[in-house]
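Structure first, then comments.
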Amino acid sequence: MTQAYVIDEMISAKSIAARIEALAGEIKTTFADTDKLVVVGLLRGSFVFIADLVRELDLNVEVDFLEASSYGDAMESSREVRILKDLRGEIGGRDVLVVEDIVDTGFTLSHVIHLLASRNPKRLETIALLDKPTRRETDIRASWTGFEIPDEFVVGYGIDYAQRNRNLPFIGKVRFT
């Protein structure tokens, strides 16, 4: 049973859309010479972000997914990263963009980057919708970041609390009542 809570809007749907459009422009410039960009979404929190991002990319893209977990249904990272679903395709010699919903402690993104780098991609870059730098416990930073946020528990735009609130069109701060 989840604790009762209220959600206060932190980042509007309009702000998210504008930021994704700007980020897509930067990504297109970086990968302008690619034959095909493999966009790897980290499930489940990134699925809304990845859908909106790839629609803004005027590049030949292939989408794949990897599911990693360090939270389960908890509000705090366990710091133990488990790969629940691996990529279907090969990334050796290919341009890869990893799409993450939120970088918190950094353990998940760090683990995924090391895993994918061991598969010898041509180029490996990362993008995170949200970044909580005050929570970082590893030396990792995404190549691109949508929004830097304070240490707040957030939901919406694909991000959940115990599998709820992923469908909100905005990022909201959770206040427990």
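Tell me the residue from 151, 104, 95, 86 that is farther than 15 Å from residue 50 by Cβ and under 11 Å from the mean Cα position of the chain (by Cα), please.
When all the criteria are applied, what remains is 104.
Would you confirm whether any residue within segment 10-25 is under 14 Å from residue 126 (Cβ atoms) and of a type outside the set (Gly, Ala, Ser)?
Yes: one or more hits.
Please work out if residue 170 is under 21 Å from residue 53 (Cβ atoms), at pLDDT 95 or above, surrounded by 14 or more Cβ atoms within 10 Å (Cβ to Cβ) and touching a helix residue (DSSP H, G or I) at 6+ places or on another chain (Cβ under 6 Å).
yes
Quick one: residue 89 ticks every box in (1) crowded, with 19+ Cβ neighbours inside 10 Å; (2) in contact (Cβ under 8 Å) with a residue 40 or more places away in the chain; (3) not aliphatic (A, V, I, L, M) except a single one, so which number is it?
Status for residue 89: all satisfied but (1).
Being crowded, with 17+ Cβ neighbours inside 10 Å, at pLDDT 95 or above and more than 15 Å from the chain's Cα centre (by Cα) is the requirement here; does residue 121 meet it?
Spelling it out, residue 121 is indeed crowded, with 17+ Cβ neighbours inside 10 Å, at pLDDT 95 or above and more than 15 Å from the chain's Cα centre (by Cα).
The values are calculated or read from the model by the stated rules, or taken from the named source; none is laboratory data. None of the values given here were measured: they were computed from a predicted structure. Cβ atoms come from the backbone with ideal geometry, glycine included; neighbour counts cover every protein chain shown.
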